[in-house]
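The values are calculated or read from the model by the stated rules, or taken from the named source; none is laboratory data. Note that the structure is a prediction, hence the values are computed from the model and not measured. Cβ placement follows ideal geometry from the backbone for every residue including glycine, while neighbour counts extend to all protein chains displayed. Side chains included, ligands, DNA and RNA excluded: accessible areas come from the protein's heavy atoms. Shrake-Rupley method; radii C 1.70, N 1.55, O 1.52, S 1.80 Å.
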Amino acid sequence: ALQDYFATQYNTAAIKRAALMAAGLPGLMSALLASDTSHPLVQAAANARSIIQQSTFERLCMVEQLAKQPQQCLDILQMLQQMAHIALQTPNASKKWQRVMQSAYEATGSLLGKAQPKLVLTKLMLEL
């Protein structure tokens, strides 16, 4: 039903990609399709993509800044988990995505358990 709503405004490929990334969240799907960069989860998705693409050193350089923004950290972890979930549904899913899923899940649990954000994020960035 949600995809039918957007079918009149966007092409099918963009709708499918946004639906996978949004995981059933209509506000996020709308923001992704409209390229609304002010939506916090769109920003989190962009940050998660850059984290995956960066070197270990570059990821470690981000820890200080991210540790000061706990909600943004949780949003990024949610997006990392979603990206890993999508990647693991493909037939040739690599061990990398299993590691990303596990690391992001553990980091989320630690942050929600009030662990020190810098330590949690440093561990996460080293494991990715």
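Of all lysines in the structure, those lying under 26 Å Cα to Cα from Lys16, and not within fewer than 8 positions of it along the same chain, are Lys95, Lys96. Positive end of the dipole of the chain (Cβ unit charges, origin at the Cα centre): among Ile76, Met62, Pro26, the Cα lying farthest that way belongs to Met62. Contact order, relative form, for the chain: 22 percent (alpha carbon pairs under 8 Å, 6 or more residues apart, mean separation divided by residue count).
If you take the square roots of the eigenvalues of the alpha-carbon gyration tensor of the range 51-94 and sort them as a ≥ b ≥ c, do you get rounded (a/c under 1.5), prolate (a/b over b/c) or oblate?
oblate
The long axis of helix 95-112 is offset from the longest Cα principal axis of the chain by roughly 70 degrees. Computed over neighbours whose Cβ is under 15 Å from that of Leu128, the net charge equals +3, Lys and Arg +1, Asp and Glu -1. If I compute solvent accessible area with a 1.4 Å probe over the protein chains, what percent of it on the range 33-128 is carbon and sulfur? Answer for the range 33-128 is 56 percent, counting heavy atoms of protein chains only. Computed over protein heavy atoms with a 1.4 Å probe, the accessible surface of the chain works out to 59 Å² per residue.
By the rule of a C-alpha distance below 20 Å, with chain neighbours fewer than 8 residues away ignored, the aspartates and glutamates paired with Lys68 are Glu58, Glu106. Checking (i) 15.3; (ii) 16.7; (iii) 17.9 against the coordinates, the calculated Kirkwood radius over Cα pairs in Å falls under label (i).
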